[in-house]
Amino acid sequence: MKASTIEKVQEETQVEEQIGNNNQIVLYNDDVNTFDHVIDTLISVCDHTAEQAEQCAILVHYKGKCTVKTGPLEELIPQCSALLEAGLSAELV
């Protein structure tokens, strides 16, 4: 292969990877759930570290929303459903 062909294949691969990660779960603030519940749920459902989960909870509280997970749609659908089942306000965008 020529160098330009290799570069084109790499560019196409990078574009496909970026498109695949455009899906995200957005968590919204509510007046019902405690910080501890939100943090524990993000740790168990989204595989966040305690620090990540706490930072997301703080952002949701002060900003009203926060993207808590990005990735392929097939991975995010069950995670978003689990957040909703736990009583959190979340949306897949």
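Among residues of the stretch 65-80 being of a type in the set (S, T, N, Q) and over 13 Å from Ser44 (Cα atoms), the one that is nearest to the chain's Cα centre (by Cα) is Thr70.
Looking at Lys2, Lys63, can you tell me which residue is at pLDDT below 95 and out of contact with any Asp or Glu (no Cβ under 6 Å at 6 or more places or on another chain)?
Testing whether each residue is at pLDDT below 95 and out of contact with any Asp or Glu (no Cβ under 6 Å at 6 or more places or on another chain) leaves just Lys2.
Here's the yes/no breakdown for (1) in contact (Cβ under 8 Å) with a residue 40 or more places away in the chain; (2) under 17 Å from Asn23 (Cα atoms); (3) in contact with a Leu (Cβ under 6 Å, 6 or more places away or on another chain):
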position: Asp36; (1), (2), (3): no, no, no
position: Val45; (1), (2), (3): yes, yes, yes
position: Gln55; (1), (2), (3): no, no, no
position: Gly71; (1), (2), (3): yes, yes, no
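Reported count of residues in the stretch 17-60, each being modelled with pLDDT under 95 and open to solvent by less than 70 Å² (accessible area, probe 1.4 Å), is 1. When the stretch 61-86 is filtered for residues that are of a type in the set (Gly, Ala, Ser) and surrounded by 13 or more Cβ atoms within 10 Å (Cβ to Cβ), the ones remaining, listed by number, are Gly71, Ser81, Ala82, Ala86.
The values are calculated or read from the model by the stated rules, or taken from the named source; none is laboratory data. Worth saying up front: this structure is predicted, and the values here are computed from it rather than measured. For neighbour counting, all protein chains shown are included, and Cβ atoms are generated from backbone atoms with ideal geometry for every residue, glycine included. Heavy atoms of the whole protein, side chains included, go into the accessibility calculation; ligands, DNA and RNA do not. Shrake-Rupley method; radii C 1.70, N 1.55, O 1.52, S 1.80 Å.
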